[in-house]
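The values are calculated or read from the model by the stated rules, or taken from the named source; none is laboratory data. Keep in mind the model is a prediction, meaning the values are calculated, not measured. Neighbour counts run over all protein chains shown; Cβ positions are idealised from the backbone, glycine included. Quick note on the areas: whole protein, heavy atoms, side chains included, nothing else; ligands and nucleic acids left out. Shrake-Rupley method; radii C 1.70, N 1.55, O 1.52, S 1.80 Å.
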Amino acid sequence: MKSYEHKSIEKKWTKQWEKDVLYKTSDKAKGKDNYYLLVEFPYPSGNLHVGHWYAFAVPDILARFRRMQGKNVLYPIGFDAFGLPAENAAIKNKLNPRKWTLGNIEYMKKQIRSMGTSFDWSREVVTCDPAYYRWTQWLFLQFFKAGLVYRKETAVNWCPKDKTVLANEQVVDGKCERCDSEVVQKQMLQWNIKITDYAERLINDLDALDWPKEIKESQKNWIGRSEGAEIDFPLSIDSGVKRFVLLHGREATPQDNFWPWIKAELESKGYEVQIPTLPNTNEPNDKEQADYVEKHCTLDESTAIIGHSFGGIVALRLLERGHKVQRVTLVSAPVSGKFLDTKVRASVTAAAKKGFDYKKIQKAAKGFVVMYDTTDKIVPVSDAQTLAKELDCILIPGKGSEVHFTGKREPDVLMASIPTIRVFTTRPDTLFGGTFLVLAPEHPWVKLALAHKTVLKNNDEVQQYVNQASKKKEIERLAAGREKTGVELKGVKAVNPTTGKEIPVWVADFAIATFGTGALFGDAHDERDVEFATKYGIPLKETVEPLVVRTTGLDAVREGEPFAERNSVMAFVQHWSEDKYMAVKYKPVDVRGCVSGGMNEGEDAVAAGKREIAEETGYANAKLVRKLGGTIHSKYFSDNRKKNTFAHFTPMLFKLEDATQVDIAPDEKNRHEVSWLSEKEMTAFINHEDWRIAWDRLQGRPYTGKGILYDSAEFSEMTSEEAIPLTGAKFGRMTKTYKLRDWIVSRQRYWGVPIPMIHCAKCGTVPVPDKELPVKLPEVKDYLPEGSGKSPLAKAKKWVNVKCPKCKGKAERETDTLDTFVDSSWYFLRYTDPKNSKQFAASGKQESWMPVDLYSGGAEHTTMHVLYSRFWHKALFDLGLVKEPEPYTRRMNRSLILGPDGQKMSKSRGNVIDPDEVVGRLGADTVRMYLAFIGPYNEVSSFPWNPDSVVGVRRFLERVWKAQEYAGKTDNAGLENLLHKTIKKVGEDIGAMKFNTAISALMIFQNALEKEKTLGKSQWERFLQLLAPFAPHIAEELWAESGQKKSVHKTLWPEYDVSMLKSEFITVAIQINGKTRGEAEVAADADKEMVEKAAREAVASRLEGKKILRTIVVPGRLVNFVIEE
RNA sequence: GCCGGAGUGGCGGAAUGGUAUACGCGCGCGACUCAAAAUCGCGUCUCGAAAGGGAUGAGGGUUCGAGUCCCUCCUCCGGCACCA
């Protein structure tokens, strides 16, 4: 017999299968259900590593098995071909990134084919292929048209030496990876996609998915929903503003837009509001409207003006005429006469083009604020920039709730116009104890105050702090440890809306600008707040008394029984001479803490404490050190009085003056165990939450849990749970906020999908018309950054300069490219219809396969790719472009293959396993099977590659090979039983992705076969079928050797007969008191009595003279005799 | 700190609440061989001469019976991290 030569066998069958187009998948197959198995497509880095094998070859076992089960299986592959490595290689070696990438793809395809995977290559998808990215662009434009895409100033990593934007992974320890110079933050206009609009659905829809818990939890945490309230704290700076004059824009009236809302808001805060109905609003004239305002409104030094759009021009005209006012807010005021919207009429342009006497205007008001809407499609940003520069004032980018601030509510406008700080809190129940405000250094109001210069008494100090905070950003904020820093805004106080009291306002970098509203109120029930307040001597006020309900253990509250209220004391006792505390264990219910007990009628807490100390422990001379804060409420079951108790504890600290003892009643002595412990030991000793709260207070730690309110007006005596919605609604509104930020998709890179947008001076940002897609990547000479922060695409001047699709005037293309996560957010849809040139995927084709049945990939993509693609799919669903709201029915994360040393494989460690080398030596079948055998595939873990263990799998295949000598000849009835069991086990385990135990079952059969050395042809062939998904080449070879003409991979999975799974006799275990003490062989169909009888005989000697209290018989398993010890 | 996952032989790991350590590796002994490799056979948690006993990170609980369920703690891995 020939020896097992994997090389020739594998080569032969790879070729044959390709010739037979064995794995081409049609969209529908008669009588077969479709099954879509997806693995993450690789980045074409140029070389296949063991991780790729683990990712592709192991799920291939499942793909093959499902096919043998009679399913029509789609198992596709492609390449995620855009990205930074190609560009880096291009710069470094002066290559064309396309050639580099395509070359790598060719090479990797050969390697992937060597795995024996059953991929349908006819459906290959490559993201850098214009036929693919045309649809990436098209889908992006659909999002744009649906209002999901906007541009926003965002900080990017900037290397001042290379003059380029850096990706996060190119920043190492705050330095540029290439030139080692310090990376700074630079504000740039970036394309964003509104994933935050979907935050709620991305969390809620997880519930219905059959995904591993850890993946769901990760995504939930990443999205980071917090439920709470937004509350406005008015600032009591003496700005001198008593009156607001509101000037509306063109084609508007005081009843339109946000005017009614803002009027009500201002009036509710005690301001007088004047809002004239300006004349000729359709064709407005600035002079005429200014005249009208002069006649109908009061303009003096206690007046503030808010001018929106054309109203802004009117405001400027009024100041030009010499009216002196306190403050002016200019909102989206058009001052250049250039518009993004061509519909704006000549009258506005004319008014703006007259120009303004900015010098005079600047003197006419004490302060200006200029605001623009980052999503504005009418007035260009440059107008706001001009204004801010000319008036030397603060410029605030805002976000309109409707474009150009035309929504019913425009909070950003209000915020810029009146001094109010909106905070977010999850604990509005602690609002009465809010004793200070903290603003993030980037908070718009801080900018505003600094720009006014006169608002803050310590302007320079605050400015310095803000500058410093922006410089240190992520890098130093982390390195600087957790020491909190901040500066008080002097000259400003906020008013706590619950009490009307003035509280200080601070700026501190522990407040995060991008979370909630960028501002918070500090109180005594938050660890961070307390730490900060303590450091800076800010007063604190507690308003929540702890409430603990014991729900586990012997003293857990008895459901449904009434509570007896009780005033009690909790007394910690210090040793008279040592630095130790008295630890008291109340033995009946294992409560470990301190002395405690109820107060007697007319007794005060201190006296009760002293009395209890004496009664429980005998120590006679205890002296009060201090009370440990306010009452601690506790609900528990009293072992002593046998009823539910609602106790109100006064926690105290005593110190013994000496060791004097008095007699203790015997029953007290029995119940209490006293020892002396150090502070650290005491912390570990205490085992009840209420005791721990008092102990924490003793050590100066605040109470941060929920409880019962006090000193909180009508909310006093409510629980936190009751008070949260009520206080939230009364002083603000209940809302949700998320940690998730919008998705910044702009990349200043060459090797990506060009963003299909055109910038026109006249028409603004215009999408490229569908018929001009794809916008192909231009050829450029080199791939170095352009130098101004733009991507290398900006160098292709001919490509950049285009005609505006709208006005046909001069325009420029967008030069940023899309984040590669955009490419991978929909590739699985393209697999369903990869060649379609009319649509990204025809809906009929999608329906054949979507949603994906199982998606296997790396854990590192849990909160990136998987979340992005879920969002993308939901957006497509809302646009009616896909039929299902979730793309993946099941998702599973793959484990990691480590080097033989148990470390992550890396060239520098020298522990990299080269799969090509191992395949050459041992064969693809061995490598596939070893990886499947290494550990359970359905759990996330990490497995070291063991070079010895691989050989074990090879040995197994060799033994199978040798078995053909004697197998396939004479039927072996004795093995038929085991064969059926194996068929069942292997099938079930593959379905559960437990390939390791499936292989173990195959090995067990093989071991049995070697003992017997006979096996019938049908038996042998069924065994080969079981082997086929794991080791497709050798199984096919042996299958053919056995005389079969059709491929084993086209056959149906063998059936097992349930009746064959049972054997005639079974062994039952015999236990005595639950410990295994013997076994007995009984007939499989023996009834309970017979089994028990057999068992009794088997362990007769042990049962002799013992009384059997109980006998448990588990049919087919065991007998347990419970006897007297 | 918070959220998740996991702790079982020398190693990877197996075990619907029912005989813990399947399968594989490694190791030991033996067969074959002049010898080695390969291959095959036997053995391999631990204490004990044996009879027996003890072990699934530690401690407690529920149960006739716990690696598996519950509580407390410890360790490791992954994620998030001053998130109000």
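Laid out as a table, the results:
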quantity	calculated
Any hit, segment A:947-957, residues being more than 7 Å from RNA strand B (Cβ to nearest atom) and either farther than 27 Å from A:Gly899 by Cα or touching a strand residue (DSSP E or B) at 6+ places or on another chain (Cβ under 7 Å) (or both)	no
Residue check, A:Ala564 assigned to a strand (DSSP E or B) and touching a strand residue (DSSP E or B) at 6+ places or on another chain (Cβ under 9 Å)	yes
Unmet requirement for A:Leu246, which otherwise passes all of (1) farther than 30 Å from A:Lys453 by Cβ; (2) buried (at least 21 other Cβ atoms within 10 Å of the Cβ)	(1)
Single condition A:Glu886 does not satisfy, out of (1) more than 15 Å from RNA strand B (Cβ to nearest atom); (2) open to solvent by 30 Å² or more (accessible area, probe 1.4 Å); (3) at pLDDT 95 or above	(2)
Criterion: more than 50 Å from the chain's Cα centre (by Cα) and under 22 Å from A:Gly240 (Cβ atoms) - qualifying residue of A:Gly367, A:Gly322	A:Gly322
Check on A:Pro411, closer than 20 Å to A:Glu265 by Cα and either among the aromatic types (Phe, Trp, Tyr) or within 16 Å of RNA strand B (Cβ to nearest atom) (or both)	yes
Qualifying residue in segment A:697-705 (condition: open to solvent by 30 Å² or more (accessible area, probe 1.4 Å), in contact (Cβ under 8 Å) with a residue 24 or more places away in the chain and more than 21 Å from A:Arg592 (Cβ to Cβ))	yes
Residues (within 12 Å of RNA strand B (Cβ to nearest atom) and either farther than 22 Å from A:Ala229 by Cα or open to solvent by less than 70 Å² (accessible area, probe 1.4 Å) (or both)) located in segment A:525-554	A:His525, A:Asp526, A:Asp529, A:Val530, A:Glu531, A:Phe532, A:Lys535, A:Arg550, A:Thr551, A:Thr552, A:Gly553, A:Leu554
All positions within segment A:406-449 that are part of a loop (DSSP other than H, G, I, E, B), buried (at least 20 other Cβ atoms within 10 Å of the Cβ), over 28 Å from the mean Cα position of the chain (by Cα) and among the small types (Gly, Ala, Ser)	A:Gly434
Any chance A:Leu1024 is open to solvent by 20 Å² or more (accessible area, probe 1.4 Å) and either more than 11 Å from RNA strand B (Cβ to nearest atom) or among the hydroxyl-bearing types (Ser, Thr, Tyr) (or both)	no
Candidate set: segment A:606-629, residues that are surrounded by fewer than 19 Cβ atoms within 10 Å (Cβ to Cβ) and under 15 Å from A:Met570 (Cβ atoms); chosen: the one nearest to the chain's Cα centre (by Cα)	A:Lys627
Some residue of segment A:384-397 being touching a Ser or Thr at 6+ places or on another chain (Cβ under 7 Å), more than 16 Å from RNA strand B (Cβ to nearest atom) and either open to solvent by 10 Å² or more (accessible area, probe 1.4 Å) or closer than 30 Å to A:Glu717 by Cα (or both)	yes
Counted residues, segment A:218-238 - those being assigned to a loop (DSSP other than H, G, I, E, B) and open to solvent by 50 Å² or more (accessible area, probe 1.4 Å)	1
Selected residue [of a type in the set (Lys, Arg) and within 19 Å of A:Gln846 (Cβ to Cβ)] from A:Lys30, A:Lys71, A:Lys19	A:Lys71
Hits in segment A:25-57 (condition: among the aliphatic types (A, V, I, L, M), touching a strand residue (DSSP E or B) at 6+ places or on another chain (Cβ under 8 Å) and buried (at least 18 other Cβ atoms within 10 Å of the Cβ))	A:Leu37, A:Leu38, A:Val39, A:Val50, A:Ala55
Test: residue in segment A:341-356 that is of a type in the set (Gly, Ala, Ser) and either in contact with a His (Cβ under 6 Å, 6 or more places away or on another chain) or closer than 26 Å to A:Leu450 by Cβ (or both)	no
Any chance A:Asp639 is under 16 Å from A:Arg550 (Cα atoms) and under 39 Å from the mean Cα position of the chain (by Cα)	no
Selection from segment A:924-946 of residues that are more than 7 Å from RNA strand B (Cβ to nearest atom), closer than 30 Å to A:Gly1016 by Cβ and out of contact with any Lys or Arg (no Cβ under 7 Å at 6 or more places or on another chain)	A:Ala924, A:Asp925, A:Arg928, A:Met929, A:Tyr930, A:Ala932
Hits in segment A:941-997 - residues which are of a type in the set (Gly, Ala, Ser) and either within 24 Å of A:Glu214 (Cβ to Cβ) or in a loop (DSSP other than H, G, I, E, B) (or both)	A:Ser941, A:Ser942, A:Gly968, A:Gly991, A:Ala992
Residue match in segment A:38-61 (condition: among the polar types (S, T, N, Q) and under 17 Å from A:Arg123 (Cβ atoms))	no
Scope segment A:504-524; condition within 21 Å of A:Tyr703 (Cβ to Cβ) and crowded, with 21+ Cβ neighbours inside 10 Å; matching residues	A:Leu520, A:Phe521, A:Gly522, A:Asp523, A:Ala524
Condition check for A:Thr543: more than 27 Å from A:Glu721 (Cβ to Cβ) and among the β-branched types (Val, Ile, Thr)	no
Counted residues, segment A:1081-1103 - those being outside any helix (DSSP H, G or I) and exposed (fewer than 15 other Cβ atoms within 10 Å of the Cβ)	5
Hits in segment A:958-989 - residues which are within 13 Å of RNA strand B (Cβ to nearest atom) and open to solvent by less than 20 Å² (accessible area, probe 1.4 Å)	A:Val960, A:Trp961, A:Ala963, A:Thr982, A:Val986, A:Asp989
Total residues in segment A:695-722, condition out of contact with any Ser or Thr (no Cβ under 9 Å at 6 or more places or on another chain), at pLDDT 90 or above and in a helix (DSSP H, G or I)	3
Conditions (1) touching a Cys at 6+ places or on another chain (Cβ under 9 Å); (2) open to solvent by less than 50 Å² (accessible area, probe 1.4 Å); (3) part of a loop (DSSP other than H, G, I, E, B); number of the one not met by A:Lys806	(2)
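Listed here are the residues, each with its yes/no results for (1) in contact (Cβ under 8 Å) with a residue 24 or more places away in the chain; (2) touching a helix residue (DSSP H, G or I) at 6+ places or on another chain (Cβ under 8 Å).
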residue	(1), (2)
A:Thr342	yes, no
A:Arg345	yes, no
A:Asp373	yes, no
A:Val379	yes, no
A:Lys389	no, no
A:Ile396	yes, yes
A:Thr406	yes, no
A:Pro411	no, no
A:Ile418	yes, yes
